[in-house]
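The values are calculated or read from the model by the stated rules, or taken from the named source; none is laboratory data. Because the structure is a prediction, the values reported are computed rather than measured. Here the Cβ is made from the backbone with ideal geometry for all residues, glycine too, and neighbour counts use every protein chain on show.
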C-alpha cells in the first residue's frame, strides 16, 4: 500500500546512505557506533525479560519444555542457543528445542521462503505433543513472520506460555504473547539486513532467557557451571579446575574426590565443602531439586 509507514527494521538508516563510498575503517566504525544502540534497546526490555524468565522457570518445574521458533536469522539463533544448553547445563535432550522454518536444511541453506509457511510449525509442535505446561518463544525481527505468529496462536489455543522477541514497536507477535519483548535497535546500516543489530539483540535476549532460567534452576554454583556434560578432555579439566577453585583442594585431592564422586561435580563439591558422604550429597541435592547452595544449607541445618 502506497504511503504506508515502513516498520523500523525496514527503514533507511540516514547515517549509512554513503556506506558504499566509505573505506573499510569508516564502514566498521559506523557499524560499531550503531551497535551501541543495542544495549540501550535491550536495557528497556529487562523488566519484561525478567518476568518471562520467572514464568519459564515455573513451567519448567512442572515438566514443561521450551520451543524457540523463528525463520532465517532468527530461527538459526534460536537453534544455536537451544543446542548449546545441552552440554553447558546437562539438560535433557528435547527440553529446550529450536524450530526453524524450512527444517534442518534451513540451518545451512537460505530457505527464507518458508517463513510464510503457517502449517509446518503447527505440524512440528503437534509432533512434539505441545502441552499447556510448555513454552513457545517466537523470534521475529519484524514481529509479523507468519511461521512465528502461527506458533504463537497454536500455543495460546492450548494454554502454553507464549513469549516473543521482535525489533519493532507494537508488533503482532507482542500482541499475541503473554510477554512481548521489543528491542528497538533502529534501522540497519544495510536496509533490512536484520542479521546485524536486530539479530545481535535477539541473540543477547535469548542468552538472557536461557541462562537466567538455568541459573534459577540451580545449574550454576556461585558463577561456575556445575552441571556440564563432561564430553571431552577440556570439560573434564574445567570440572577439576572448578572443584579446586571452590574447595581449595590440591589437584591430586580434587582428581581423587572427583573419581570417588563418579565424575559428578556437584557431588564432589558438596562432599568437599561439608565433609559429608556421597550418599548425603545425593540425598540433599535431591531435596534441593539440584540446587547445590541450598543442598549445602540443608545439610548444615539438617532440613
What is the one condition in (1) under 18 Å from residue 199 (Cα atoms); (2) touching a residue at least 12 places away in the same chain (Cβ under 8 Å); (3) over 13 Å from the mean Cα position of the chain (by Cα) that residue 108 does not satisfy?
(2)
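So that you can scan it fast, the table gives a plain yes or no per residue for (1) in contact with a helix residue (DSSP H, G or I) (Cβ under 6 Å, 6 or more places away or on another chain); (2) in the same structural domain as residue 89 (by TED's automatic domain parsing); (3) outside any helix (DSSP H, G or I):
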| site | (1), (2), (3) |
| --- | --- |
| 242 | no, no, no |
| 246 | yes, no, no |
| 254 | yes, no, no |
| 262 | no, no, yes |
| 267 | yes, no, no |
| 279 | no, no, no |
| 293 | no, no, no |
Answer from 51, 36 - the residue that is within 19 Å of residue 183 (Cβ to Cβ), touching a strand residue (DSSP E or B) at 6+ places or on another chain (Cβ under 8 Å) and in the same structural domain as residue 171 (by TED's automatic domain parsing)
51
So which of 137, 158 is on the phi < 0 side of the Ramachandran plot, under 21 Å from the mean Cα position of the chain (by Cα) and at pLDDT 95 or above?
137
Would you confirm whether any residue within the range 57-75 is touching a helix residue (DSSP H, G or I) at 6+ places or on another chain (Cβ under 8 Å), assigned by TED's automatic domain parsing to the domain that holds residue 160 and free of Cβ contacts under 8 Å to residues at least 40 places away in the same chain?
no
Does the range 218-226 contain at least one residue that is part of a helix (DSSP H, G or I), touching a helix residue (DSSP H, G or I) at 6+ places or on another chain (Cβ under 8 Å) and modelled with pLDDT under 95?
no
Would the range 88-98 turn up any residue that is touching a residue at least 40 places away in the same chain (Cβ under 8 Å), more than 21 Å from residue 131 (Cα to Cα), surrounded by fewer than 21 Cβ atoms within 10 Å (Cβ to Cβ) and in the same structural domain as residue 182 (by TED's automatic domain parsing)?
yes
Can you tell which of 166, 177, 210 is under 30 Å from residue 27 (Cα atoms), surrounded by 20 or more Cβ atoms within 10 Å (Cβ to Cβ), modelled with pLDDT of 95 or more and touching a strand residue (DSSP E or B) at 6+ places or on another chain (Cβ under 8 Å)?
166
